[in-house]
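Notes for the one structure printed next.
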Amino acid sequence: MSRIIVVSNRTPGKGPAAGGLAVALRKTLAEREGFWFGWSGKLVETPSIEARFEDIDGLTVAQIDLNREDHHAYYAGFSNSILWPSFHLRLDLATIEAHWYEGYRRVNSQFARALLPQLKPDDIIWVHDYHLIPLATELRNLDVRNRIGFYLHIPFPTTDALYAIPHHGELMRDLSRYDLVGMQANRDVAAFTEFAEHQTPSTLSGSPLESVDFGRTEVAAFPIGSDPDAFAKLAVSSAANKMLKRMERAMGEQELILGVDRLDYSKGLPQRVEAYEKLLANNARFRRLVHLLQIAPPSRDSIKEYQETSDTLDAMCGRVMGRFAEPDWSPLTYVKRAYGQPSLAGLYRLARVGLVTPLRDGMNLVAHEYVGSQDPEDPGVLVLSRFAGAAEIFDDAILVNPFDTDETAEALRMALDMPLDERKQRWTTLMAAARKHSVDNWSKNYLDRLAPATPRDSSGTRD
Ligand code: F6P
């Protein structure tokens, strides 16, 4: 069987905090003698082009260092100040600096040059996410004819938002150098198709004057998931139970509403707090009987828009506290820190409501983890944004428009009032969907689809 080479910006770290993707791919990589390639996390003046190999808890990881200026242009610049906001339809939050694009391509070229000596002709290369869109082009330019797949973990933008991205024509041409482009949701494939069908040379910036031919690239939805049964086990483990008991004592009679998100403007956190404020304002009976716990570990905090989101959230949580707290009751707890999976599983299990309301999200795995962690005899209710990829598979959640905070407040009320029978009924369907879309099935489906692709020559043409 061919080896699998996984490539992503960050590689999995040591220890039990590893995410679902790492856990799922670890098995595949071990069986198929592959490795995971990415940035080491180190910034140096003149990085070596040679990758360092390391065994991390049985997973073979190959890493390279990056130059500080290049990394800034590639990561904080082009990837997270242009691609991220544009793909999430937040053009108002994009900052464009023309020189970032060169750094973005330089890092992709460095990844390709470091990978090249490690490749065998039959290897299957699986590239992950928006940081590495040009990687196939850089590899094909080095005459790599292997099967190369790309998976986009974030949403694909609408055509208008795509046009706002400098060099979008080149980026789309880069996508056409992959054999398989996987996306999270059908809506992403539809947005891609809309672009592919309506592009004309005049709409493509930064690209030679001809439209992009996607004829050799398959594009399809492969919704990612978690391992819901592993979460079910974890949620009753002693580590999870420790957190659950601790919280149960703190909560007393109150029902817990839980949000867990990176502190990112795409997650809709200010709107979420506003919806909670409206719940308390419109339904005095819930005061003292509910508590919102929002866990939001800081993310990408060198970027101004992330700092501003953090400031906004500080102010809003303060406002809700000032408005509703009493000397012996506080309506919410806001924690800017990350927790390990066992503690989260305990919190998910205790929470009567899992509040997952991003303004736009590729999938949202918190929704999957929340479902997996529930007690089948007394499950909680998932309140889910219709703009998360997860909404396509979790139609038994209460789906909300997160921009409409009245609607979200009403969904919270419904969730808190929902009778046990209906909770069980909805959860049974949600759990079946989480199992069907487990991360194991996801990687298997994706790799099964990529495996039969035939080799290409360096121009990208199939043999
Ligand atoms: O899901 C999108 C993503 O950018 C992943 O690629 C990444 O692992 C995660 O969000 C966290 O982002 P960052 O690596 O920028 O902290």
Test: ASP301 is farther than 23 Å from LEU382 by Cβ and in a helix (DSSP H, G or I): no
Flag for GLU277 being more than 16 Å from the ligand (Cβ to nearest atom), in a loop (DSSP other than H, G, I, E, B) and either out of contact with any Gly (no Cβ under 6 Å at 6 or more places or on another chain) or not assigned by the TED database to the domain that holds PHE403 (or both): no
Counted residues, region 282-302 - those being in contact (Cβ under 8 Å) with a residue 12 or more places away in the chain and more than 16 Å from the ligand (Cβ to nearest atom): 11
Evaluation of GLU308 against (1) closer than 20 Å to LEU365 by Cα; (2) away from the ligand (no atom under 16 Å from the Cβ) (one fails), failing number: (1)
Count - residues of region 316-329 that are surrounded by 11 or more Cβ atoms within 10 Å (Cβ to Cβ) and assigned to a helix (DSSP H, G or I): 8
Some residue of region 91-102 being charged (D, E, K, R), closer than 30 Å to GLY169 by Cα and touching a Lys or Arg at 6+ places or on another chain (Cβ under 8 Å): no
Filtered residues of region 113-131 (kept if aliphatic (A, V, I, L, M), surrounded by fewer than 22 Cβ atoms within 10 Å (Cβ to Cβ) and part of a helix (DSSP H, G or I)): ALA114, LEU116
Residue within region 30-40 that is surrounded by 14 or more Cβ atoms within 10 Å (Cβ to Cβ), among the aliphatic types (A, V, I, L, M) and either in contact (Cβ under 8 Å) with a residue 60 or more places away in the chain or farther than 16 Å from HIS128 by Cβ (or both) present: no
Of the criteria (1) in contact with a His (Cβ under 7 Å, 6 or more places away or on another chain); (2) away from the ligand (no atom under 16 Å from the Cβ), which one PRO121 fails: (1)
Selection from region 41-89 of residues that are surrounded by fewer than 18 Cβ atoms within 10 Å (Cβ to Cβ) and of a type in the set (Ser, Thr, Tyr): THR46, SER48, THR60
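One line per residue, one yes/no per condition, for (1) in the same structural domain as PHE286 (by the TED database); (2) crowded, with 21+ Cβ neighbours inside 10 Å; (3) free of Cβ contacts under 8 Å to residues at least 12 places away in the same chain:
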{"position": "MET363", "(1), (2), (3)": "yes, yes, no"}
{"position": "SER373", "(1), (2), (3)": "yes, yes, no"}
{"position": "VAL383", "(1), (2), (3)": "yes, yes, no"}
{"position": "ASP396", "(1), (2), (3)": "yes, no, no"}
{"position": "PRO402", "(1), (2), (3)": "yes, yes, no"}
{"position": "LEU416", "(1), (2), (3)": "yes, no, no"}
{"position": "ASP421", "(1), (2), (3)": "yes, no, yes"}
{"position": "LYS424", "(1), (2), (3)": "yes, no, no"}
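The values are calculated or read from the model by the stated rules, or taken from the named source; none is laboratory data. Every value quoted in this text rests on a predicted model; they were computed, and no experiment measured them. Don't worry about glycine lacking a Cβ; one is built from the backbone with ideal geometry, like all the others, and counts go over all protein chains shown.
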